[in-house]
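Trainee: Attaching a single structure in structure tokens format; questions to follow.
Readers should treat all values here as calculations from the given coordinates under stated rules, not as data from a laboratory. Note that the coordinates shown come from a computational prediction; the quantities given were computed from them, not determined experimentally. Please note: Cβ atoms are built from the backbone with ideal geometry, for glycine as well, and neighbour counts cover all protein chains shown.
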């Protein structure tokens, strides 16, 4: 599969998924699959609430999205800039921005630490846990 | 540290241009962690750290190997995520497993 084909497929898929999540509310429609991990264990993983967060984000409700899944909202700017850069590299054959953060060892370990802490705390009964739970 | 120092100085003296850092798959791993498969995403993030650590210490061949490892785990996570969604759709289509879908929406 060529790089160009991959970029086109990914972009098409992203638009399709964005449209789907903009149109349907995963919290209300009941047509969206629940996370198998949550279904079988009853625990929240770091990804729980990301479908509802995506729906909220596409409607501009950033705070509501942060309540469903904080890490998704926190990392969204990085994800968007990274994707824009990848797309630009494919189309223009040069870098759009130099995202040093992605290659920063301290940042990577911070991310790992954050995800693990997030996964643990959102399953607790503390005030922080209740805020972080989806 | 001494080894790194000498390696860098040796490289400078030889006027070798170090290769650019291989892709560490960090953002892809974060996406896999948030959107589908926690274990593969975490393995991906650890591998991303390996790529950047090895590159920073001048181990370019090691960074390249870690990059391939990171890519492998991220792709495995991605395809398992796709497979799970497809299985869900098939299960509902053939068995009408709506109870499973309706039970909770996390």
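Trainee: Based on the mean of other Cβ atoms within 10 Å per residue, sort peptides A:16-28, A:91-103 so the most packed one is first. Please list the in-between numbers first.
Mentor: Numbers: A:16-28: 14.2, A:91-103: 12.1.
Sorting A:16-28, A:91-103 by mean packing, highest first, produces A:16-28, A:91-103.
Trainee: Could I ask something else about it? Give the residues of the stretch A:58-75 whose amide nitrogen is closer than 17 Å to a point set 7 Å from the Cα of residue A:101 in the direction of its Cβ.
Mentor: Residues A:66, A:70-75 qualify, since their backbone N sits under 17 Å from the label point.
Trainee: Mind listing the Cα extents of chain A along all three principal axes, in Å, largest one first?
Mentor: Dimensions of chain A along the principal axes of its Cα atoms: 50, 38, 29 Å.
Trainee: How high is the FRET efficiency between residue A:11 and residue B:60 when r is their beta carbon distance and R₀ equals 30 Å, given to the nearest 0.05? The partial results should precede the final answer.
Mentor: Working: r = 32 Å, r/R0 = 1.07.
Result of the calculation: an efficiency of 0.40.
Trainee: Next up: Report the relative contact order of the stretch A:5-134, percent, no decimals, based on alpha-carbon pairs under 8 angstrom and at least 6 residues apart. Walk me through the intermediate numbers first.
Mentor: On the way: 104 pairs, mean separation 30.0, N = 130.
Reported relative contact order: 23 percent.
Trainee: Right, another one. How shielded is B:47-58 by partner chains, expressed as the average number of their Cβ atoms within 10 Å of its Cβ atoms? Intermediate values should be presented prior to the final figure.
Mentor: Working: counts 1, 8, 8, 2, 3, 8, 3, 1, 2, 3, 1, 0.
Across the residues of B:47-58, the mean count of other-chain Cβ atoms within 10 Å is 3.
Trainee: Kindly state, to the nearest 0.05, the FRET efficiency for residue A:128 paired with residue A:2, given R0 = 51 Å and r defined as their beta-carbon distance. Each step should come with its number before you reach the end.
Mentor: On the way: r = 46 Å, r/R0 = 0.91.
Between residue A:128 and residue A:2 the formula returns 0.65.
Trainee: I've got another one for you. Can you give me the distance in nm between label points at residue A:89 and residue A:27, each placed 7 Å from the Cα along the Cα-to-Cβ direction?
Mentor: It is 3.6 nm.
Trainee: What's the FRET efficiency of residue A:114 with residue A:64 using the Cβ-Cβ distance as r and R₀ = 22 Å, to the nearest 0.05? Intermediate values should be presented prior to the final figure.
Mentor: Details: r = 21 Å, r/R0 = 0.95.
Result of the calculation: an efficiency of 0.55.
Trainee: Okay, next question. Per DSSP H run of at least 4 residues, take -39500 (n - 2.57); add these up for chain A, divide by its residues and hand me the 222 nm value, nearest 500 deg cm²/dmol. Please list the in-between numbers first.
Mentor: Details: 8 runs with 93 residues, N = 134.
Mean residue ellipticity at 222 nm (helix-derived): -21500 deg cm²/dmol.
Trainee: Another one. Other chains near A:35-41: what is the mean number of their Cβ atoms within 10 Å of each residue's Cβ? Display every interim value, and only then the final one.
Mentor: Working: counts 6, 7, 6, 3, 5, 0, 0.
Whole-number average of other-chain Cβ neighbours for A:35-41 is 4.
Trainee: Now a separate question. What translational diffusion coefficient, to the nearest whole µm²/s, does the stretch A:64-108 have by Stokes-Einstein, given a Kirkwood radius computed over alpha-carbon pairs, a temperature of 37 °C and 0.692 mPa s viscosity? Mind dumping the intermediate values first?
Mentor: Values: Rh = 11.9 Å.
For these conditions, the coefficient is 277 µm²/s.
Trainee: Mind checking the mean number of beta-carbon atoms from other chains within 10 Å of the Cβ atoms in B:19-26?
Mentor: What the average comes to for B:19-26 is 3.
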